[in-house]
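One structure below.
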């Protein structure tokens, strides 16, 4: 939605993944009201955005460099840069969730930036976590 690429069912599944992560951690996953900072937090947690998504987004041209990396360290205010630096990678986040069987697998499948690669609802419901 932030990249103005429209809404689709996978958007809701990404949101579901965020909510599940927030329920687990007790904190908002992407704690910001700024779109540029939000995209930086997403990239930090989830990895790079697919080039095809960035190429279709007018907004991305102002935020991402020619290699498809967010320019957050150059365009965000110092307090925002520090906030983004504190965001763990998904693997670091998931490693804390190992005690909950299957949670990491579920989060990896739902928190996939590329909507074409993201789990659909049926796949998520078949995950080890949902079948406990």
Pair list, Cβ under 6 Å, 6 or more apart: region 6-27 residue closer than 18 Å to residue 56 by Cβ, other residue modelled with pLDDT under 95 and surrounded by 14 or more Cβ atoms within 10 Å (Cβ to Cβ)
10/115
Pairs needed: first member in region 44-73, surrounded by fewer than 15 Cβ atoms within 10 Å (Cβ to Cβ); second member anywhere, assigned to a strand (DSSP E or B) and at pLDDT 95 or above; C-beta distance under 8 Å; at least 6 residues apart or different chains.
71/64
Out of (1) touching a helix residue (DSSP H, G or I) at 6+ places or on another chain (Cβ under 7 Å); (2) assigned to a helix (DSSP H, G or I), the odd one out for residue 10 is which?
(1)
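Which of the helices (runs of 4 or more DSSP H) found entirely inside region 15-132 contain at least 3 residues meeting this: over 16 Å from residue 5 (Cβ atoms) and more than 11 Å from the chain's Cα centre (by Cα)? First the steps, then the outcome.
On the way: elements: 35-46, 51-55, 60-63, 72-75, 78-85, 90-96, 103-110, 121-125.
Filter on region 15-132 gives 72-75, 78-85, 90-96, 103-110, 121-125.
The values are calculated or read from the model by the stated rules, or taken from the named source; none is laboratory data. Since the structure is predicted, the reported quantities are computational estimates derived from the model, not experimental observations. Heads up, the Cβs are rebuilt from the backbone with ideal geometry, glycines too, and the neighbour counts pull from every protein chain shown.
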